[in-house]
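A.B. asks: Provided herewith is a single structure, encoded as structure tokens, for subsequent inquiry.
The values are calculated or read from the model by the stated rules, or taken from the named source; none is laboratory data. All of these numbers come straight from a predicted model, not from anything done at the bench. Please note: Cβ atoms are built from the backbone with ideal geometry, for glycine as well, and neighbour counts cover all protein chains shown. Please note that ligands, DNA and RNA were not included when accessible areas were found on the heavy atoms of the full protein model with its side chains. Shrake-Rupley method; radii C 1.70, N 1.55, O 1.52, S 1.80 Å.
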Amino acid sequence: MSQPLPSPAAHAREILARLGVTGLSADGGSLVRSPIDGQVMAHVAFDDARAIEAKVASAARAFRAWRCVPAPRRGELVRLLGEELRAARADLAALVTLEAGKIASEGAGEVQEMIDICDFAVGLSRQLHGLTIASERPGHAMRETWHPLGPVAVISAFNFPVAVWAWNACLALVCGDPVIWKPSEKTPLTALATQALLDRAIARFGEDAPAGLSCVVLGGRDAGERLARDPRVPLVSATGSTRMGKALAPVVAERFGRSILELGGNNAMIVAPSADLSLALRAIVFSAAGTAGQRCTSLRRLIVHESLVDKLGDAVAAAFARLPAGDPRQDGVLLGPLVDKAAYEAFVHALDQARADGAEIIGGERLNLADAPDAFYVRPALAHLPAPTAGMARETFAPLLYVVPYAEFDEAVAMQNDVPQKLSSCVMTNDVREAEAFMGPWGSDCGIANVNIGPSGAEIGGAFGGEKETGGGRESGSDAWKQYMRRQTATVNYSGALPLAQGVRFDL
Ligand code: UN1
């Protein structure tokens, strides 16, 4: 774990040059820091109102051409993007690590997730199937068709700085929609690099791809709000905090726009008496401490049968204490930094709150890595509580795992459901009745319910998202594509008569 590495700033410069990213400002503008050492890697200029206006206008123009390109041909562009991503896999993954602080394997996994959704979308481009519907009238035919919708705004978060864009953009592009991407202020470099790769794919694709088909808008909350308000943007897909979603959703709804919201999670695992404990332990450590607890799917609440809680709690605490922490580029490191100081402060605040609620805390200390005083590395924390508290109902985007005991399975399911966020959930059990009940109508009320795996690390093939404070949207696989298209019901009369539906008579 000791090969010398370049500074994050030098490393990022090298990768950005290789990927052909231009347009970074020499100084001024917004600072981009690496969570690895807390130092500035680059400066980017935010788009002002005029620049955003020009980008939206260009996307609206691009839509008029792109919607007429046959869907399988649109799929060809996404296939080329997949090729570019495969070729640049190592560089883009390293940039994710530099900008978001993920360990190398998770950076690579994120790019793999982009490649996977490209493949999915290419197949989908030949399967945007509608329906034929039996008409009640003689000599009539009915069908349901899916048409392109219009420019899609994608507002993404720092923690999956590129994969979540890809979930949205790949579907949008095959569905016939241009894409306007506002990445997190914390991760503009990975967005610019991804856009450069898509630009390469567009150049190879040829002139069927109109100018303005895809752009990046750099900015803060104002830029997001501007896109949310714009009637030329029929769909806004936003990932981030519940607070952000609460502010954004009414703005989009006010103009009858559509939104896909992927917001907070407060994901639980129930560990039942029949569970395979070594499997459970690995699932817990990856999902609670992996990505330094900064996934919307991270494990935050552990609900353990009372007969196991001491034994399992001790095993998790020991595993947390042993996790190799440090520069996430280093081989063997499993615990990288929190994204910034604000994230650290939120972690400390949640620990204080848990302590005030009577929790016994194990871990949670700041790790002062000698050469990175401006970076925020923490030891994952366990907070043992005798019963759920109000604090447990809040999401803290950091490696803090609450542990509570349960006696009866029904009680565990009720605890799991008793928070306003409804993203992901899981049960570790070898009892088929518990497993089925967990996935049944009175079981988990989350968008994702897993058995014998943790709550994080979903595959792209399923619909991703959850209810209530999680926002209600579904992205990625299954039939999520339908949200990126408009549905049309068409009835054709091929008879010489004009029978009315429902038998209505209107004889002139
Ligand atoms: C997120 O944290 O916003 O299921 C997305 C997972 C990843 C995606 C997480 N595939 O953990």
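A.B. asks: Could you tell me whether any residue of the range 5-23 is touching a Lys or Arg at 6+ places or on another chain (Cβ under 7 Å), farther than 25 Å from Ser184 by Cα and modelled with pLDDT under 95?
C.D. replies: yes
A.B. asks: Test each condition in (1) over 16 Å from Ile303 (Cα atoms); (2) modelled with pLDDT of 95 or more for Ala381 and report the one that comes out false.
C.D. replies: With respect to (1) over 16 Å from Ile303 (Cα atoms); (2) modelled with pLDDT of 95 or more, Ala381 is out only on (1).
A.B. asks: Say we look at the range 333-347 and pick out the residues that are in contact (Cβ under 8 Å) with a residue 12 or more places away in the chain and over 21 Å from Leu95 (Cβ atoms); which of these is surrounded by the most Cβ atoms within 10 Å (Cβ to Cβ)? Full working, then the answer.
C.D. replies: The initial filter retains those residues of the range 333-347 that are in contact (Cβ under 8 Å) with a residue 12 or more places away in the chain, namely 333-341, 343-344, 346-347.
The next check asks that each one be over 21 Å from Leu95 (Cβ atoms); those that pass are 341, 344, 346-347.
Values: Lys341: 14, Tyr344: 18, Ala346: 17, Phe347: 24.
Here the residue is Phe347.
A.B. asks: Quickly run through the range 1-26 and pick out the residues that are farther than 22 Å from Ala196 by Cβ and surrounded by fewer than 13 Cβ atoms within 10 Å (Cβ to Cβ). First the steps, then the outcome.
C.D. replies: Quick first cut of the range 1-26, residues farther than 22 Å from Ala196 by Cβ only: 1-5, 7.
Within the range 1-26, Met1, Ser2, Gln3, Pro4, Leu5 meet the criteria.
A.B. asks: Related question: Yes or no: Thr429 at pLDDT 95 or above, farther than 30 Å from Ala163 by Cα and either open to solvent by less than 40 Å² (accessible area, probe 1.4 Å) or under 16 Å from the mean Cα position of the chain (by Cα) (or both)?
C.D. replies: Against the criterion (at pLDDT 95 or above, farther than 30 Å from Ala163 by Cα and either open to solvent by less than 40 Å² (accessible area, probe 1.4 Å) or under 16 Å from the mean Cα position of the chain (by Cα) (or both)), Thr429 qualifies.
A.B. asks: Condition (residue is assigned to a helix (DSSP H, G or I) and under 15 Å from the mean Cα position of the chain (by Cα)) applied to the range 445-468: is it met by at least one residue?
C.D. replies: Let us first name the residues in the range 445-468 that are assigned to a helix (DSSP H, G or I), namely none.
No, because not a single residue in the range 445-468 is assigned to a helix (DSSP H, G or I) and under 15 Å from the mean Cα position of the chain (by Cα).
A.B. asks: Take the residues of the range 86-116 that are open to solvent by less than 10 Å² (accessible area, probe 1.4 Å) and β-branched (Val, Ile, Thr): which is farthest from the ligand (Cβ to nearest atom)?
C.D. replies: Looking at residues that are open to solvent by less than 10 Å² (accessible area, probe 1.4 Å) and β-branched (Val, Ile, Thr), I get Thr97.
A.B. asks: Still on this structure, please answer the following. Considering only residues that are open to solvent by less than 70 Å² (accessible area, probe 1.4 Å) and in contact with a Pro (Cβ under 7 Å, 6 or more places away or on another chain), look in the range 466-505 and name the one that is nearest to Ala169 (Cα to Cα).
C.D. replies: Per the stated criteria, the residue is Met485.
A.B. asks: Further question: For Asp37, all conditions in the list (1) within 17 Å of Trp181 (Cβ to Cβ); (2) of a type in the set (D, E, K, R); (3) crowded, with 19+ Cβ neighbours inside 10 Å hold save one; what is the number of the exception?
C.D. replies: Answer for Asp37: the failing condition is (1).
A.B. asks: Which ranges mark the helices (runs of 4 or more DSSP H) fully within the range 29-148 that have 2 or more residues being in contact (Cβ under 8 Å) with a residue 12 or more places away in the chain, in contact with a Phe, Trp or Tyr (Cβ under 7 Å, 6 or more places away or on another chain) and over 25 Å from Gly332 (Cα atoms)? Quick ask: steps written out before the conclusion?
C.D. replies: Details: elements: 49-66, 71-87, 89-100, 104-124.
Those helices (runs of 4 or more DSSP H) span 71-87, 104-124.
A.B. asks: Which residue, of Ala317, Ala372, Ala383, is part of a strand (DSSP E or B) and open to solvent by less than 30 Å² (accessible area, probe 1.4 Å)?
C.D. replies: Criteria check complete, one pass: Ala383.
A.B. asks: Counting only residues that are more than 16 Å from the ligand (Cβ to nearest atom) and touching a strand residue (DSSP E or B) at 6+ places or on another chain (Cβ under 7 Å), which one in the range 430-448 is nearest to Met392 (Cα to Cα)? Steps first, answer last, please.
C.D. replies: Residues of the range 430-448 that are more than 16 Å from the ligand (Cβ to nearest atom), as a first pass: 430-443, 445.
Then keep just the ones that are touching a strand residue (DSSP E or B) at 6+ places or on another chain (Cβ under 7 Å); that gives 434-435, 438-439, 443, 445.
Numbers: Glu434: 24, Ala435: 24, Phe438: 21, Met439: 23, Gly443: 20, Asp445: 17 Å.
Of everything passing the filter in the range 430-448, Asp445 is nearest to Met392 (Cα to Cα).
A.B. asks: Sticking with this one: Just the residues that are in contact with a helix residue (DSSP H, G or I) (Cβ under 8 Å, 6 or more places away or on another chain), open to solvent by less than 10 Å² (accessible area, probe 1.4 Å) and assigned to a helix (DSSP H, G or I), please, taken from the range 257-287.
C.D. replies: Hits for the range 257-287 are Ala280, Ile284.
A.B. asks: Another question, then. In the list Ala153, Ala163, which residue meets the criterion of being open to solvent by less than 10 Å² (accessible area, probe 1.4 Å), within 16 Å of the ligand (Cβ to nearest atom) and in the same structural domain as Ala90 (by the TED database)? Before you say what the answer is, go through the steps one by one.
C.D. replies: Numbers: Ala153 fails: within 16 Å of the ligand (Cβ to nearest atom).
From the options Ala153, Ala163, the qualifying one is Ala163.
Per-residue answers, yes or no, for (1) more than 16 Å from the ligand (Cβ to nearest atom); (2) hydrophobic (A, V, I, L, M, F, W, C):
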{"site": "Asp199", "(1), (2)": "yes, no"}
{"site": "Val216", "(1), (2)": "yes, yes"}
{"site": "Ala228", "(1), (2)": "yes, yes"}
{"site": "Arg232", "(1), (2)": "yes, no"}
{"site": "Arg255", "(1), (2)": "yes, no"}
{"site": "Glu262", "(1), (2)": "no, no"}
{"site": "Ala268", "(1), (2)": "no, yes"}
{"site": "Leu279", "(1), (2)": "yes, yes"}
{"site": "Ile284", "(1), (2)": "no, yes"}
